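**Q** My structure is below; once you've seen it, I'll send some questions.
The values are calculated or read from the model by the stated rules, or taken from the named source; none is laboratory data. Predicted model only: the values in this text are computed from it and were never measured. So basically every Cβ, Gly included, is an ideal-geometry build from the backbone, and we count neighbours across all protein chains shown. Side chains included, ligands, DNA and RNA excluded: accessible areas come from the protein's heavy atoms. Shrake-Rupley method; radii C 1.70, N 1.55, O 1.52, S 1.80 Å.
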Amino acid sequence: MDVNKVLVRAFVSVVVSIDLTDDDDIDPDVATDILEPAAALFRDLSEEGRREVTSMILECAELEENPERKRAILELPEAIGLLDED
């Protein structure tokens, strides 16, 4: 598997796990502090790069069997600003 795909899958797994964790287990402010710097890196990509990452994230959603996790993955590109236009 391509290293970029592995990195995106790992990122998606961590983000979705944090997102779906109960607020009593991970404080939402702490979760935001953890994820925001990584999300900012993706937003700094070129439009083509953001499209490529979005495509890889959607591939992750296709592979996901858990409906709750799948829904969270499908929302991820917008949540981290990949769909925002420059």
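**Q** Share of the chain's accessible area from carbon and sulfur, percent, 1.4 Å?
**A** Numbers: 2930 of 5910 Å².
Solvent-exposed carbon and sulfur of the chain make up 50 percent of the total.
**Q** HN-Hα J couplings of segment 25-30 from phi, Karplus 6.51/-1.76/1.60, θ = phi - 60°, integer Hz, Gly and Pro as x?
**A** 8, 9, 4, x, 5, 5
**Q** Using protein chains only and a probe of 1.4 angstrom, how many square angstrom of E64 are accessible, to the nearest 10?
**A** Estimated to the nearest 10 Å², E64 gives 50 Å².
**Q** Using the Cα gyration tensor of the chain, with a ≥ b ≥ c the square roots of its eigenvalues, what is the shape: rounded (a/c below 1.5), prolate (a/b larger than b/c) or oblate (neither)? Don't skip to the end; give the middle numbers.
**A** Working: a/c = 1.82, a/b = 1.24, b/c = 1.47.
Since a/c reaches 1.5 but b/c is at least a/b, the shape of the chain is classed as oblate.
**Q** Also, quick follow-up: Who wins for biggest fluctuation among V16, V30, V53 in a Gaussian network model of the chain, springs between alpha carbons below 10 Å?
**A** V30
**Q** I've got another one for you. Could you provide, to the nearest whole Å², the per residue accessible area of the chain with probe 1.4 Å?
**A** Details: 5910 Å² over 86 residues.
Per residue, the chain has 69 Å² of solvent-accessible surface.
**Q** For the charge dipole of the chain, defined by +1 on Lys and Arg C-beta atoms and -1 on Asp and Glu C-beta atoms about the Cα centroid, which residue among L83, M1, N66 has the Cα displaced farthest towards the positive pole?
**A** Going by the Cα projections, it comes out as M1.
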